[in-house]
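**Student:** Please find one structure pasted underneath; my questions will follow.
Laboratory data are not the source of any read-out in this text; all were calculated from the coordinates shown. From a predicted model like this one, the values you see are computed outputs, not experimental measurements. As a convention, Cβ positions derive from the backbone with ideal geometry for all residues, glycine included, and neighbour counts pool all protein chains shown.
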Amino acid sequence: MRKTVLAFSRITPQMVERLQQEFDVIVPNPKLGDIAAQFNEALPKAHGLIGAGRPLGEAQLKDAGNLEVISSVSVGYDNYDVDYLTRRGIALTNTPDVLTESTADLGFSLIMGSARRTAELDAWTKAGQWKATVGPDLFGSDVHGKTLGIVGLGNIGAAIARRGRFGFNMPVLYSGNSRKPALEAELGATFCALDELLAKADFVCLVVPLSDKTRHLISRRELALMKKSAFLINISRGPVVDEPALVDALQSGLIRGAGLDVYEREPLAESPLFALKNVVTLPHIGSATGETRTAMAERAMDNLTAALKGQRPADLVNPSVFKG
Ligand code: 8YV
């Protein structure tokens, strides 16, 4: 019997063709009406789901009686109720590694863009405001040689730290659950408590997964610990930062600026952030390059295919479901 795959996002028509060689594939299509309704209708038939950006837990999956695997086209898996999936014996896979460097590139571009005010000054130039050489009111801040604080020195955090240390001669501080001796040796990085990092870093980069422990990790108290000249960079998940507290900090000059790729609610359609010149707001594009999204989708298809064939997928988030 051919198994059924519900490909709910991130899978191109060529990729669907590849999956169709082995599976029946259902792809919700906006031209055929409500996507959520099509997803729910297909769910009871599905043995595998592949896609990203959709919260999936008990409420959404109670009719998914045949489901064996969810293959997420993302490294983060905060959208999924892992305990529930594990209780049901449903495998969950993600796509680590392939997006590390692109996401670090984006993180570094937020450091550069917020410090040197590139988006703001691009808009200013295009608005025809360049009448004379710019004065101190439009000056930015240096990046090279400044202290880089990485909150969460995982793969992506380390890739940002490498860019800072070796490309921009930045001393690196990091905080997190555990010390990373190999990275300390490679990067000359110094482990410290979050409060100390906040007080010393010129750029505070958030690169932690979202969990109960990291929700609102950065709130009023933490923002108040930062230097007035410092920048907050968030490429992790929006709820790691208390957004109203950040808006206040940016409005009142408690910190110099911020570079954000993620928000408490996405897509961000309106926000007090939009009125602020000292924040760069990007639409969650950490991994959004052609090459990387293709690599992520391919890795996710490999994980899905392995699980549906009874083989252990390479990137299993909940290994206890897989006894094979
Ligand atoms: C995804 C990401 O675009 O991989 C991740 O965890 O943040 C991005 O690559 C996002 O998760 C989709 O919602």
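**Student:** What distance in nm lies between label points placed 7 Å from Cα along the C-beta direction at H144 and R221?
**Tutor:** Taking the simple label geometry, H144 and R221 are separated by 3.9 nm.
**Student:** Now, a different point. Between R88 and L32, what's the calculated FRET efficiency when r is the beta-carbon distance and R0 is 35 Å? Round to 0.05.
**Tutor:** Efficiency for this residue pair is about 0.75.
**Student:** Still on this structure, please answer the following. If I build a Gaussian network model for the chain, linking alpha-carbon pairs within less than 10 angstrom, which residue out of S229, S252, S74 has the largest mean-square fluctuation?
**Tutor:** Among S229, S252, S74, the largest mean-square fluctuation in the Gaussian network model of the chain belongs to S252.
**Student:** What translational diffusion coefficient, in µm²/s and rounded to a whole number, does the Stokes-Einstein relation yield for region 43-84 at 25 °C and a viscosity of 0.890 mPa s, taking the hydrodynamic radius as the Kirkwood radius over Cα pairs?
**Tutor:** Value of D from the Cα-based Kirkwood radius: 232 µm²/s.
**Student:** Normalised by the number of residues in the chain, what is the relative contact order in percent for Cα pairs under 8 Å and 6+ residues apart?
**Tutor:** 18
**Student:** Another question, if that's okay. Compare D137, D105, D202 in a GNM of the chain, Cα atoms joined below 10 Å, and give the one with the largest fluctuation.
**Tutor:** Greatest mean-square fluctuation among the candidates belongs to D137.
**Student:** Also, I was wondering about something else. Please determine, in degrees from 0 to 90 and to the nearest 10, the orientation of helix 290-308 with respect to the longest principal axis defined by the Cα atoms of the chain, where the helix direction is its Cα long axis.
**Tutor:** Approximately 30 degrees, to the nearest ten.
**Student:** Based only on Cα atoms, what mean projected area does the convex hull of region 1-131 have, in nm²?
**Tutor:** Numbers: hull surface 47.8 nm².
Mean shadow area of the hull around the Cα atoms is 11.9 nm².
**Student:** Continuing with this model, one more query. From Cα pairs below 8 angstrom and at least 6 apart in sequence, can you work out the relative contact order of region 224-275, rounded to a whole percent?
**Tutor:** With pairs under 8 Å counted, the relative contact order is 47 percent.
**Student:** Moving to a separate point now. If region 198-238 were replaced by its equivalent ellipsoid, with semi-axes equal to the square roots of 5 times the Cα gyration tensor eigenvalues, what would those be, largest first, whole Å?
**Tutor:** Square roots of five times the eigenvalues give 19, 12, 7 Å.
**Student:** For a bin width of 5 Å, list the pair-distance distribution of region 177-324 built from all Cα-Cα distances, rounded to whole %.
**Tutor:** Reading the bins upward from 0: 2, 8, 14, 16, 15, 14, 12, 9, 6, 3, 1, 0.
**Student:** If you average 1/r over every pair of different alpha-carbon atoms in region 99-177 and take one over that average, what Kirkwood value in Å do you get?
**Tutor:** Numbers: mean 1/r = 0.0715 Å⁻¹.
Mean inverse Cα-Cα distance, inverted, gives 14.0 Å.
**Student:** Against the globular-protein guess of 2.2 N^0.38 Å, express the Cα radius of gyration of region 127-236 as a ratio, rounded to two decimals.
**Tutor:** Details: Rg = 15.7 Å, N = 110, 2.2 N^0.38 = 13.1 Å.
Normalised Cα radius of gyration, region 127-236: 1.20.
**Student:** Percent relative contact order of region 179-324, based on C-alpha pairs within less than 8 angstrom and at least six residues apart?
**Tutor:** Relative contact order for region 179-324 comes out at 16 percent.
**Student:** Show me the ranking of peptides 32-41, 157-166 by mean Cβ neighbours inside 10 Å, starting with the highest. All intermediate terms of the calculation are to be shown ahead of the outcome.
**Tutor:** Details: 32-41: 13.3, 157-166: 21.5.
Result, highest mean first: 157-166, 32-41.
**Student:** Now a separate question. Highest mean first, what order results for 150-156, 94-100 on Cβ atoms within 10 Å?
**Tutor:** Per-residue Cβ counts within 10 Å, averaged per peptide and sorted highest first, yield 150-156, 94-100.
**Student:** Further, regarding this structure: For region 254-324, what is the charge dipole size about the Cα centre, in debye to the nearest 20, if Lys and Arg each add +1 at the Cβ and Asp and Glu each add -1 at the Cβ?
**Tutor:** 200
**Student:** Same structure again: Give me the extension gain from K277 to K213: residue separation times 0.36 nm, minus the current Cα-Cα distance, reported in nm with one decimal.
**Tutor:** 20.0 nm
**Student:** Averaged over all directions, how much area does the convex hull of the C-alpha atoms of region 222-309 cover when projected, in nm²?
**Tutor:** Numbers: hull surface 29.7 nm².
Over all viewing directions, region 222-309 projects a mean Cα-hull area of 7.4 nm².
**Student:** Q251 to A269: extension gain in nm, 0.36 nm per residue of separation minus the Cα-Cα distance?
**Tutor:** Additional length available on full extension: 4.5 nm.
**Student:** Could I ask something else about it? Between S320 and C192, what is 0.36 nm times their sequence separation minus the Cα-Cα distance? Round to one decimal in nm.
**Tutor:** Once the chain is fully extended between S320 and C192, it gains 42.7 nm.
**Student:** Please determine, in degrees from 0 to 90 and to the nearest 10, the orientation of helix 100-116 with respect to the longest principal axis defined by the Cα atoms of the chain, where the helix direction is its Cα long axis.
**Tutor:** It is inclined by approximately 30 degrees.
**Student:** Cα axis of helix 243-252 to longest principal axis of the chain: angle in degrees, 0 to 90, nearest 10?
**Tutor:** Helix 243-252 sits at roughly 20 degrees to that axis.
**Student:** Also, I was wondering about something else. Taking the Cα atoms of the chain alone, what are Rg (to one decimal) and Dmax (as a whole number) in Å?
**Tutor:** Rg and Dmax of the chain, Cα atoms, are 21.7, 72 Å.
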